[in-house]
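The structure under discussion appears below in the form of structure tokens.
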Amino acid sequence: MSSRQPRKQRRRMHRSPLHRRGRLVRVHLSPKYLEDTKVSYPRSLPVRQGDTVQIMRGTQRGHDGKVTRVDRRHFRVYVDGITVAKADGTEVGRPVHPSNLRITRLDMTDPWRRRLVERSGGRP
């Protein structure tokens, strides 16, 4: 970022195109996962559908679940089992901000991710 002013950083983030927003929806890897896979770098990765995450903040703290959807437009992640009841009684997924999550297991079906982990000296 070229500016230190929060309003300009927020403006730049919210005006960014969708292909760059995917990089902004990053989630830290669990320390246990880092230790088990021997990954030293990177500490965070863009979250993808199929990853297993743990919720670290909020009323659902400690809940583990798979990512069902990533909304790049609004910078939100939907986790399996986290729902909210609508006025008509139907259950819909509740959006969670990526800063409140921690990846406990990566979905390694993506070749780019597999190469990234192997390049870091870890094992998938």
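A short reminder: the numbers here are calculations on the coordinates, not readings from a lab. Given the structure is predicted, the values throughout are model-derived calculations rather than measurements. Cβ: placed from backbone, ideal geometry, glycine included. Neighbour counts: every protein chain shown.
Structural remarks
- Note on R94, R114, R15: ascending count of other Cβ atoms within 10 Å places them as R15, R114, R94, the fewest first.
- Only lysines eight or more places from K32 in sequence, or on another chain, were considered; those with a Cα closer than 21 Å are K66.
- Full-stretch length increase - R119, Q5 - with 0.36 nm per residue and alpha-carbon distance subtracted: 37.5 nm
- Between D36 and E91, the C-beta separation translates, for a Förster distance of 35 Å, into a calculated FRET efficiency of about 0.55.
- Shape category assigned to the chain from the gyration tensor of Cα positions, a/c cut at 1.5: oblate
- Sequence-separation-based contact order of the chain, relative, with Cα cut under 8 Å and 6+ spacing, percent: 27 percent
- Potential lengthening between M13 and N100 on full extension [0.36 nm per residue; Cα-Cα distance subtracted]: 29.5 nm
- Per-residue [θ]222 nm for the chain (sum of -39500 (n - 2.57) over DSSP H runs n ≥ 4, rounded to 500): -7000 deg cm²/dmol
- Here the label points at T83 and D107, each 7 Å from Cα along the C-beta direction, are separated by 2.0 nm in the simple model.
- By the beta-carbon count within 10 Å of each Cβ, the least crowded to most crowded order of T83, T59, fewest first, is T59, T83.
- Compared with the alpha-carbon gap, the fully stretched path from D71 to L24 is longer by 15.8 nm at 0.36 nm per residue.
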